[in-house]
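The values are calculated or read from the model by the stated rules, or taken from the named source; none is laboratory data. Because the structure is a prediction, the values reported are computed rather than measured. When we count neighbours, we look across all protein chains shown, and the Cβ atoms used for this are built from the backbone with ideal geometry, even at glycine. The accessibility values were calculated without ligands, DNA or RNA, using every heavy atom of the protein model including side chains. Shrake-Rupley method; radii C 1.70, N 1.55, O 1.52, S 1.80 Å.
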Amino acid sequence: MSQRIYLDANAGLPVRTEVLEEYLRIERDFGANPASLHRAGRGAQGVLESARSRVAALLRCEDSEVVFTSGATEACNLALFGIVRCSAQVLGRKLRLVSSLAEHPAVVGPLRLLQLEGHHVDWLHLDVYATNDLGSWPEDAPDLVAMQWANNETGAVQPLSQMLDLISSDSVWFCDAVQGIGKLAWNESLCEARGLVISGHKFGAPKGIGALVLKNDVLFEATIVGGGHQGGRRPGTENPALASALALALELAMQEQAFNLKNWDRCRLAFLQELTRAIPDVQFNHPPKGGLNNTISLTFPNLDGRLLLPTLDADGLEVSAGSACSSGSPTPSTVLLATGMTQPLANASIRVSLCPKMDTLDASLAGSRLATAISRLYDVAKR
Ligand code: PLP
């Protein structure tokens, strides 16, 4: 059987070897509870706080603003419920929120529940690449805007600085930065977010660690209660080894970002050349320029979408379709549907997301293997 090709970086990357070694070293050498007051506990606490400082330096915030979580889903829930419910209590009214269906379910889910609690959400329109259309901005000033940095399905990079021009200093901006971090150069606009979320397994840390940057000036009440860990914002015993692994993986990803950017450009070109030579009718849903350049979103018109993933999987191509990365179920992408794509076309779509350190030979091989598989599916459809 030919070698399998992993093309699902946006769903998650394997942990980096040096990061895994750091994790194991700290778990072995600093195994005490960092909240314990004895020497071993203080040692673990030192490691934890050093990781917090390293993450804070990279995310341009105060150490005290970094809250470690189990990942981005938890961080988004923590931030959105914690900020909106607390602000509503202080203001004595329901809030006006702005977001869009380009957001990941980790953001849309809490917003839908907040809607049920009586808060009002204006959903911005999307263009065909899932970029937020600021022309659909509501008239009433929002209390909170949830706008991601980059889209996980199409790679669209959202118009953050233009959005910031539309909101007053009283509005809170919450940013899901999961897909941008380590893939795009740091954007100074991100310093304006009052809540910002990252997820370690997207850039080579182990699964189960992420962070929420929660600015000290934002109204917030924790949604889970317990001990006073992390200033009471996220109670529960902290894990110094996971926090250090997150810090190291983030440092490495940010150091390598510029190289990856150029490399992905070359790989994407090589991949698409092979694919379009054999399948000229393929439609692109990723932005022609300015998007995440590791992300390729493809639609194969008139193909039965149900055959796509199993066929590609059998051919050794590990890609994703729709929201499968979060649910494990092959449902069509809610993001593509929200751009106005029809259900059959959304079903016949896949996302290819290139990994760091891929080379152009691998990319060409992946493109030609995909082309062969898709040609076969079109032949079957013609019969
Ligand atoms: N936000 C975005 C944009 C994502 O792509 C993902 C995961 O795919 C998440 C949030 C959820 O992250 P986690 O797996 O850490 O819960």
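Data overview
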item: Residue satisfying condition, being more than 30 Å from residue 256 (Cα to Cα) and without any contact (Cβ under 8 Å) to a residue 60 or more places away in the chain, within set 43, 82; result: 43
item: Candidates 53, 99 - the one that is hydroxyl-bearing (Ser, Thr, Tyr), in contact with a helix residue (DSSP H, G or I) (Cβ under 7 Å, 6 or more places away or on another chain), within 16 Å of the ligand (Cβ to nearest atom) and not in a loop (DSSP other than H, G, I, E, B); result: 99
item: Test: residue 174 is within 16 Å of the ligand (Cβ to nearest atom) and either modelled with pLDDT of 95 or more or within 19 Å of residue 103 (Cα to Cα) (or both); result: yes
item: Near pairs, Cβ below 7 angstrom, 6+ apart or cross-chain, from segment 95-108 (charged (D, E, K, R)) to any residue that is more than 8 Å from the ligand (Cβ to nearest atom) and outside any helix (DSSP H, G or I); result: 96/120; 96/140; 96/142; 96/143; 103/146
item: Residue check, residue 78 away from the ligand (no atom under 16 Å from the Cβ), open to solvent by less than 10 Å² (accessible area, probe 1.4 Å), closer than 16 Å to residue 228 by Cα and part of a helix (DSSP H, G or I); result: no
item: Selected residue (only one of 218, 225 is modelled with pLDDT of 95 or more, part of a loop (DSSP other than H, G, I, E, B) and in the same structural domain as residue 21 (by TED's automatic domain parsing)); result: 218
item: Any hit, segment 9-31, residues being open to solvent by less than 50 Å² (accessible area, probe 1.4 Å), among the small types (Gly, Ala, Ser) and more than 16 Å from the ligand (Cβ to nearest atom); result: no
item: Looking only at segment 62-74, and only at residues there that are touching a Leu at 6+ places or on another chain (Cβ under 8 Å) and among the hydrophobic types (A, V, I, L, M, F, W, C), the one that is nearest to the ligand (Cβ to nearest atom); result: 68
item: Members of segment 171-225 that are surrounded by 20 or more Cβ atoms within 10 Å (Cβ to Cβ), of a type in the set (A, V, I, L, M) and more than 11 Å from residue 149 (Cβ to Cβ); result: 172, 205, 209, 211, 212, 213, 214
item: Criterion (away from the ligand (no atom under 15 Å from the Cβ), surrounded by fewer than 21 Cβ atoms within 10 Å (Cβ to Cβ) and part of a strand (DSSP E or B)) met by exactly one of 90, 121; result: 121
item: Residue list for segment 205-228, filter: under 22 Å from residue 60 (Cα atoms) and in contact (Cβ under 8 Å) with a residue 60 or more places away in the chain; result: 205, 209, 210, 211, 212, 213, 214, 215, 216, 218, 219, 220
item: Sole exception among (1) within 22 Å of the chain's Cα centre (by Cα); (2) modelled with pLDDT under 95 for residue 232, by number; result: (1)
item: So residue 235, is it part of a loop (DSSP other than H, G, I, E, B), of a type outside the set (A, V, I, L, M, F, W, C) and within 14 Å of the ligand (Cβ to nearest atom); result: no
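Residue by residue, here is whether (1) more than 24 Å from residue 206 (Cα to Cα); (2) acidic (Asp, Glu); (3) buried (at least 21 other Cβ atoms within 10 Å of the Cβ) holds:
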| position | (1), (2), (3) |
| --- | --- |
| 57 | no, no, no |
| 65 | no, yes, yes |
| 83 | yes, no, yes |
| 102 | yes, no, yes |
